[in-house]
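Colleague: One structure coming up, written as structure tokens, with questions to follow.
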């Protein structure tokens, strides 16, 4: 049963990642938590799942003419710095706070998307 959930969840994550461009990591965290990982472990392992799916999505979008690397370089570098800072912060904050932050961000993003802003 666990393998079926993993496989089905993987398909869902891939579909969400390519169709929506966001949110697949949240689904990955939920699936990994269902499999018994802690909040921090689930968040860390979700990145391992999202990396290859994001690369595949990037390649597909690139070949369809939807990617402009030059304009994004000004976002990529600070985002990488933010990832380093976030990794440090995640190791310092309690798991309950990490869970609440993920929920709050997901709710905020959902409201923004639904409102069209």
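Colleague: Might you check whether a residue that is more than 26 Å from residue 107 (Cα to Cα) and either surrounded by 15 or more Cβ atoms within 10 Å (Cβ to Cβ) or out of contact with any helix residue (DSSP H, G or I) (no Cβ under 6 Å at 6 or more places or on another chain) (or both) occurs anywhere in the range 6-26? Step through it out loud before you land on a result.
Modeller: So the first thing to find is which residues in the range 6-26 are more than 26 Å from residue 107 (Cα to Cα), and the list is 7.
If we keep only those that are either surrounded by 15 or more Cβ atoms within 10 Å (Cβ to Cβ) or out of contact with any helix residue (DSSP H, G or I) (no Cβ under 6 Å at 6 or more places or on another chain) (or both) too, we end up with 7.
Checked the range 6-26: at least one residue is more than 26 Å from residue 107 (Cα to Cα) and either surrounded by 15 or more Cβ atoms within 10 Å (Cβ to Cβ) or out of contact with any helix residue (DSSP H, G or I) (no Cβ under 6 Å at 6 or more places or on another chain) (or both).
Colleague: Please count how many residues of the range 34-45 are assigned to a helix (DSSP H, G or I) and more than 16 Å from residue 101 (Cα to Cα).
Modeller: The total comes to 2.
Colleague: Here's a follow-up. Inside the range 46-57, can you point out the residues that are loosely packed, with under 12 Cβ neighbours inside 10 Å and farther than 23 Å from residue 36 by Cα? I'd like the intermediate steps shown before the answer.
Modeller: Step one: list which residues in the range 46-57 are loosely packed, with under 12 Cβ neighbours inside 10 Å, which gives 48, 51-52, 55.
Across the range 46-57, the qualifying residue is only 55.
Colleague: Those residues that are without any contact (Cβ under 8 Å) to a residue 40 or more places away in the chain and surrounded by 10 or more Cβ atoms within 10 Å (Cβ to Cβ), I need them from the range 89-108; list them, please.
Modeller: 89, 93, 94, 97, 100, 101, 103, 104, 105, 107, 108
Colleague: What's the total number of residues in the range 87-105 that are at pLDDT 85 or above and either part of a helix (DSSP H, G or I) or over 19 Å from residue 38 (Cβ atoms) (or both)?
Modeller: Just the residues of the range 87-105 that are at pLDDT 85 or above, to begin with: 88-89, 92-94, 96-97, 100-101, 103-105.
Within this subset, residues satisfying the condition of being either part of a helix (DSSP H, G or I) or over 19 Å from residue 38 (Cβ atoms) (or both) are 88-89, 92, 96-97, 100-101, 103-105.
Total satisfying the criteria: 10.
Colleague: Within the range 58-72, how many residues turn out to be exposed (fewer than 10 other Cβ atoms within 10 Å of the Cβ) and part of a helix (DSSP H, G or I)?
Modeller: The qualifying residues number 4.
Colleague: Now for a different question. Considering only the range 15-26, state which residues are over 12 Å from residue 46 (Cα atoms) and either touching a strand residue (DSSP E or B) at 6+ places or on another chain (Cβ under 8 Å) or in a helix (DSSP H, G or I) (or both). Outline the logic, then answer.
Modeller: So in the range 15-26, the residues over 12 Å from residue 46 (Cα atoms) come out as 15-22.
Within the range 15-26, 15, 16, 17, 18, 19, 20 qualify.
The values are calculated or read from the model by the stated rules, or taken from the named source; none is laboratory data. Worth saying up front: this structure is predicted, and the values here are computed from it rather than measured. Reconstructed Cβ throughout: ideal geometry from the backbone, glycine too, with neighbour counts over all protein chains shown.
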